[in-house]
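Readers should treat all values here as calculations from the given coordinates under stated rules, not as data from a laboratory. Computed from a predicted model, the values in this text were never measured in an experiment. Cβ placement follows ideal geometry from the backbone for every residue including glycine, while neighbour counts extend to all protein chains displayed.
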Amino acid sequence: MNRNEEILEELARLYPDAKPALHFRSPYELLVAVVLSAQCTDERVNKVTAVLFETYNTPEKMLTLTQEELERYIFSCGFYRNKAKHILSASADILTRYGGKVPDTLEELQTLAGVGRKTANVVYAVAFGGDAIAVDTHVFRVSNRLGLAEGKTPEKVEEGLMAVIPKSQWSDAHHFLIWHGRKVCHSQRPACAECTLKAFCKKYENE
Ligand code: SF4
């Protein structure tokens with residue numbers, strides 16, 4: 001077993017139940033939740049969507065809201081103006097170009113207004129079971145620290161991870177790395193003393 005396989009095996013042992021923390025009941029709800037989760041905790045997003053999705057859980061219903069009305073619902077998630085704009089434009093795209101259904105390919109997802117590569121990757125992997133690695137702030141940090149995939153941009157890290165992890169494990173690896181970032185390898189003051197991956201960690205080795 002090589003070093004990368006050992007890291008993944010340990011992550012799988014640590015987080016056997018790793019799954020998305022965002023609540024959703026459809027690909028559309030997941031898409032909206034992922035847009036809201038930028039620079040915001042999943043707990044906060046879940047609170048906001050619990051209210052929002054009671055009524056506005058399809059592109060048609062979402063588009064009955066004005067930008068200002070939607071902003072009031074999602075205000076506490078931060079960056080609410082941009083997020084509202086992105087949700088409304090993506091909803092309009094889904095309705096007019098995809099018959100009201102969130103498209104299920106990575107290429108089509110990325111054509112939706114306001115949907116970047118990270119959001120598309122999460123929706124593709126989580127809602128449709130596709131093979132993708134979405135590089136968010138946790139995946140980016142932990143991958144670099146461990147030396148699993150090093151790079152200065154999320155795109156570079158995504159490429160690196162796809163090169164060293166078998167395709168069938170991309171989605172699981174994405175969740176493992178997020179959970180390790182949340183629970184142990186924090187941005188500030190990572191809990192290295194209790195981290196069972198320190199024997200593999202480039203950051204730990206260099207300190
Ligand atoms: S040893 Fe420290 S820096 Fe390395 S993965 Fe563990 S918590 Fe993160």
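You can think of it this way: the chain between residue 169 and residue 61 has 35.3 nm of extra reach, that is 0.36 nm per residue less the Cα-Cα gap. For region 27-128, pairs of C-alpha atoms spaced more than 19 angstrom apart make up 33 percent of the total.
Net charge dipole, region 89-195: roughly 380 debye, given to the nearest 20, about the Cα centre with Cβ charges of +1 for Lys and Arg and -1 for Asp and Glu.
Give the angle, between 0 and 90 degrees and rounded to the nearest 10, that separates the Cα long axis of helix 3-14 from the longest principal axis of the Cα atoms of the chain. Approximately 60 degrees, to the nearest 10. Ordered by the count of other Cβ atoms within 10 Å of each Cβ, fewest first, 1, 162 give 1, 162.
Kirkwood analysis of the Cα pair distances in the chain returns a hydrodynamic radius of 17.8 Å.
Helix-derived [θ] at 222 nm for the chain: sum -39500 (n - 2.57) over DSSP H runs of at least 4, divide by residue count, nearest 500?
Numbers: 12 runs with 115 residues, N = 207.
Dividing the helical sum by the residues of the chain leaves -16000 deg cm²/dmol.
Projecting the Cα atoms of 129, 193, 58 onto the charge dipole of the chain, computed from C-beta unit charges around the Cα centre, puts 193 farthest toward the positive end.
Charged side chains reduced to their Cβ positions (Lys and Arg at +1, Asp and Glu at -1) give region 27-128 a dipole of some 220 debye around its Cα centre.
A simple packing score, the average count of other Cβ atoms within 10 Å per residue, orders the peptides 183-196, 12-25, 84-97 as 84-97, 12-25, 183-196, with the highest score first.
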